[in-house]
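Read-outs: derived from the displayed coordinates by stated rules, not from any lab. All of these numbers come straight from a predicted model, not from anything done at the bench. Counting neighbours? That spans all protein chains shown, and the Cβs are built from the backbone with ideal geometry, glycine included.
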Amino acid sequence: MLKSIQWRITLPFVVLILVSMGIIGAYLVNFVRDSQVDNLHFYLKEEANTIVEASLPLLVENSDVDAFVKQLGHTTEARVTIVAADGRVLGDSHEDPLAMENHSTRPEIKDALATGLGDSTRYSTTYNEKMMYVAVPVSSQGKILGVVRTALPLTSVEASVVHLAVTVILSMLLVALLMIVAAALIAGKTTQPIRQLTRAANQISSGQLGNKIAIQTGDELGELGCAFNEMSSSLKKTMDAVSLEKAKLSTVLDNMVDGVILTDHEGRVSVVNRAAGKMFKFENIDVSGKSIIEVVHDYEVDDALKLCLRTDQEQSAQFESSVNKRFIRLVVAPVAEDKS
């Protein structure tokens, strides 16, 4: 089935659609993921900047930063951590700062102290999930007092990406199914005239001449169908003419009183008439393809035929037939080939 023209047209079309959708789907998934990551980063940065302004008086006065951060933990979704300039954790919305290690080596803290903004995405051993961290320094009169760090898990982003990927895959499968059906119908409609031509050609090869097909597409296939119908009609007329001439020749030969035997260039019998069959006693035997000596059993006929074939000249002889014990006048003449 896959070797048919219909499926050779359908499958590449479907593969092209699937590959195109796969490329678009991959781009869409990556674009949405990057957009959500950027949105999350912007949200954490804005939260950090807001907390910087609120925590500045506390850092200047060296007040209870942890209580302030714990209170923030009830009003914001992000995890908030305030770190001193030397890396000591002053407050954390979810953990006890005294139990937390020094954060001076954390990449987002180092970048915030060095450039004014730090961010990092890494796996959190505390929460056992991937987190995004954004850190902003707290400064007063040109001196860095500490760093405010906000963080959120990437669970929602990853969940959205997975949901989108599943949606894209299901859409691809649905579109692929629809494309296969549509392409099969279109290809089937397109190749239907070809199948008609194939059936008609097979019928002609089996001897059913004159068959015509109805192709009204108005395109190249329609022209091919018209040409096929003309060829079929012409072939039938030619074969009818050949059959008529053959019937006439057979009638003439059968009504001749003289025996006529026609051979090919190798001396094998191809056509005989009724009179020859009676003369040499083989009227009820099929002698087509046999040598002349096997048919007439007279060497005089065989010798005359061989001489005629060798010299391409008419030969004649008179002999007494060993078959019917009668004298026979023999004429062997070459038949000129139609060079046209």
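Remark on segment 105-180: hydrodynamic radius 15.2 angstrom, per the Kirkwood mean of 1/r across alpha carbon pairs. Over the chain, Cα pairs under 8 Å with separation of 6+ residues give a relative contact order of 11 percent.
Rounded, prolate or oblate for segment 256-332? Axes are the square roots of the Cα gyration tensor eigenvalues, ordered a ≥ b ≥ c, and the cut-off for rounded is a/c under 1.5. Oblate is the answer for segment 256-332, as a/c is 1.5 or above yet b/c matches or exceeds a/b.
Nearest 10 degrees is fine. How inclined is helix 299-311 to the longest principal axis of the chain, computing both from alpha carbons? Helix 299-311 sits roughly 60 degrees off the main axis of the chain.
Summing charges over neighbours of A183, with a neighbour being any other residue whose Cβ is under 14 Å away from its Cβ, gives +2 when K and R count +1 and D and E count -1. Separation of segment 300-340 from segment 25-89 is 119 Å, based on Cα centroids. Given segment 5-160, report the % of alpha carbon pairs whose separation exceeds 18 Å. For segment 5-160, the fraction of Cα-Cα distances above 18 Å is 62 percent.
Which entries in K246/K306; K110/K143; K189/K237; K45/K70 show an alpha-carbon gap greater than 21 Å? Mind dumping the intermediate values first?
Numbers: K246/K306 27 Å; K110/K143 16 Å; K189/K237 32 Å; K45/K70 19 Å.
In this structure, K246/K306; K189/K237 lie more than 21 Å apart at Cα.
Over all Cα atoms in the chain, the spread is summed up by Rg and Dmax: 50.8, 152 Å.
Using the Cα coordinates of segment 1-70, the gyration tensor eigenvalues translate into equivalent-ellipsoid semi-axes of 61, 9, 5 Å, sorted from longest to shortest. For segment 168-325, the alpha-carbon coordinates run over 98, 32, 32 Å along the three principal axes, in decreasing order. Under a 5 Å amide H cut-off, with hydrogens placed 1.01 Å from N, L154 pairs with K130, M131, M132 among residues at least 5 apart or on other chains. Each Cα pair under 8 Å and six or more residues apart adds its separation to the average, and for segment 201-340 the resulting relative contact order is 12 percent. If you find the alpha carbon centre of segment 104-132 and of segment 175-196, how far apart are they in angstrom? One Cα centre to the other: 57 Å.
So what's the back-of-envelope 222 nm ellipticity for the chain, counting only DSSP H runs of four-plus at -39500 (n - 2.57) apiece and dividing by all residues, rounded to 500? Can you show the working numbers first?
Working: 8 runs with 185 residues, N = 340.
Dividing the helical sum by the residues of the chain leaves -19000 deg cm²/dmol.
The equivalent ellipsoid of segment 61-140 has semi-axes of 18, 17, 12 Å, largest first, where each one is the square root of 5 times an eigenvalue of the Cα gyration tensor.
Proximity of backbone amide H atoms, modeled 1.01 Å from N, is registered between R88 and H103 at under 5 Å, excluding neighbours fewer than 5 places apart on the same chain. Once the C-beta distance of E46 and I24 is scaled by a Förster radius of 35 Å, the resulting FRET efficiency is 0.60 to the nearest 0.05.
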